[in-house]
Amino acid sequence: MRRLIPLMAIAVAIAALFAAGASGAGSTTVSTRSKHELGRFLVNSKSVTLYLFEKDTKNKSNCFGACAQNWPPLMAHGKLVAKGGVKSSHLGTIKRGSGRQVTYFGHPLYTFVLDAKKPGSTKGQDFLAFGAKWYVVGTNGKKIDHS
């Protein structure tokens, strides 16, 4: 009976590891989505649109406090995963508080609170807030601006 307890503990631990891996835990995915008027743009693992903030500079965020509450930074959790035309070589991170914010071509990436409930929504496109405009990000790392 003594041998069964350690074996059961090992089996439970292994099952937990497989469950974590299957759910995508330990990684942050950046992928793409298409919308007729905007073309192909970046989204997170839940298909929520990713934006760049024109007030940011390369590898430096200028969105904090109320700005970050409305435009939550895409934070890195584990390995960065690129899918659907996103180049992994252009993904990176910058230090943000006690974590790391994901960048693409050096642009810090954000979501927008009004997009959170509807994957693919682009309510933040060409939006002026917190001193500059916000734009969806194309696979080439540039803002998509059709205005």
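The values are calculated or read from the model by the stated rules, or taken from the named source; none is laboratory data. None of the values given here were measured: they were computed from a predicted structure. Reconstructed Cβ throughout: ideal geometry from the backbone, glycine too, with neighbour counts over all protein chains shown.
On inspection, Lys95 fails the criterion of being in contact (Cβ under 8 Å) with a residue 12 or more places away in the chain and either out of contact with any Pro (no Cβ under 9 Å at 6 or more places or on another chain) or more than 20 Å from Arg33 (Cα to Cα) (or both).
Scanning the stretch 103-120 for residues that are more than 10 Å from the chain's Cα centre (by Cα), in a loop (DSSP other than H, G, I, E, B) and surrounded by 22 or more Cβ atoms within 10 Å (Cβ to Cβ) yields one hit, Phe112. Selection over the stretch 110-124 of residues that are in contact (Cβ under 8 Å) with a residue 40 or more places away in the chain and either out of contact with any Leu (no Cβ under 7 Å at 6 or more places or on another chain) or more than 11 Å from Phe41 (Cβ to Cβ) (or both) gives a count of 10.
Scanning the stretch 125-140 for residues that are in contact (Cβ under 8 Å) with a residue 60 or more places away in the chain and assigned to a loop (DSSP other than H, G, I, E, B) gives Gln125, Phe130, Gly131, Thr139. Would you point out the residue of the stretch 128-140, among those that are in contact with a strand residue (DSSP E or B) (Cβ under 8 Å, 6 or more places away or on another chain) and under 14 Å from Ser61 (Cβ atoms), that is surrounded by the most Cβ atoms within 10 Å (Cβ to Cβ)? Ranking the qualifying residues of the stretch 128-140, first place goes to Trp134. Report whether or not Lys35 is more than 23 Å from His146 (Cβ to Cβ) and either modelled with pLDDT under 95 or charged (D, E, K, R) (or both). Here the answer is no, as Lys35 does not meet what is asked. Exactly one residue out of Lys143, Lys87, Lys83 is surrounded by 14 or more Cβ atoms within 10 Å (Cβ to Cβ), of a type in the set (Lys, Arg), touching a residue at least 12 places away in the same chain (Cβ under 8 Å) and under 18 Å from Thr32 (Cα atoms): that is Lys143.
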